[in-house]
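Q: Following this message is one structure expressed as structure tokens.
The values are calculated or read from the model by the stated rules, or taken from the named source; none is laboratory data. Because the structure is a prediction, the values reported are computed rather than measured. For neighbour counting, all protein chains shown are included, and Cβ atoms are generated from backbone atoms with ideal geometry for every residue, glycine included.
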Amino acid sequence: MHFGSNNSPLCPKTLPLLSAFLFFLTLNISGCYSKATGPYFEPLPSIDGGKALIYFYQPHIRMGAHSPSSQIVYADGKALGLLDDGGYFAYAAEPGRYSFSFKKTNDEALVLNLEAGKTYFIRWHFRLVSGYKSFSYHPFLVTVAEPVALTEIKHCRKIQR
């Protein structure tokens with residue numbers, strides 16, 4: 001038996017099916033990989049009193065057969081970290097005014113005046129955008145009140161860098 005004969009399990013009729021199966025399997029495996037593999041959320045015990053503490057988080061969300069892609073969080077154009085599905089990371093910042101976004105530019109940025117000693121929770125959020133015969137999502141950042149954030153973030157894992 002040789003490759004390509006009609007008696008072979010890999011005959012020309014089955015190759016397209018096998019190729020499609022392997023392609024979609026690869027997409028699903030790579031789409032499910034998350035950098036959020038650390039321990040579940042636990043608040044940091046303390047921070048330098050002269051800084052503000054920010055938790056960036058993205059609760060696990062399924063969008064059809066896929067999870068949202070990872071996004072880099074920027075503060076005034078400087079990359080802070082990667083935000084991934086089901087994950088969180090903490091960032092200590094000097095007090096002051098900051099523009100947080102998923103782009104180096106401040107398009108649709110979340111602008112906050114951070115105060116020393118305070119804790120902030122910033123969540124990944126999205127809106128659906130209608131396209132020709134499809135929908136896509138447009139991610140952005142929102143602040144969340146601490147009581148609500150603590151119920152959401154407890155299901156998130158720390159993002160390993």
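A quick yes/no check of all residues on (1) free of Cβ contacts under 8 Å to residues at least 12 places away in the same chain; (2) in contact with a Lys or Arg (Cβ under 6 Å, 6 or more places away or on another chain):
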| position | (1), (2) |
| --- | --- |
| TYR74 | no, yes |
| LEU80 | no, no |
| PHE89 | no, no |
| LYS103 | no, no |
| GLU115 | no, no |
| LYS118 | no, no |
| HIS125 | no, no |
| SER130 | yes, no |
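Q: Checking the structure you have, find out if any residue of region 105-128 is at pLDDT 80 or above, more than 23 Å from LEU150 (Cα to Cα) and under 16 Å from the mean Cα position of the chain (by Cα).
A: Scanning region 105-128, I find no residue that is at pLDDT 80 or above, more than 23 Å from LEU150 (Cα to Cα) and under 16 Å from the mean Cα position of the chain (by Cα), so the answer is no.
Q: If you scan region 84-104, which residues turn out to be part of a strand (DSSP E or B) and under 19 Å from GLU146 (Cα atoms)?
A: Residues satisfying the conditions are GLY87, TYR88, PHE89, ALA90, TYR91, ALA92, ALA93, PHE100.
Q: Somewhere in region 50-58, is a residue at pLDDT 90 or above and exposed (fewer than 11 other Cβ atoms within 10 Å of the Cβ)?
A: Yes, region 50-58 contains at least one residue that is at pLDDT 90 or above and exposed (fewer than 11 other Cβ atoms within 10 Å of the Cβ).
Yes/no per residue for (1) under 18 Å from TYR120 (Cα atoms); (2) at pLDDT 95 or above; (3) assigned by TED's automatic domain parsing to the domain that holds LEU114; (4) of a type in the set (Val, Ile, Thr):
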| residue | (1), (2), (3), (4) |
| --- | --- |
| THR26 | no, no, no, yes |
| ILE61 | no, no, yes, yes |
| GLY77 | no, no, yes, no |
| GLU94 | yes, yes, yes, no |
| TYR98 | yes, yes, yes, no |
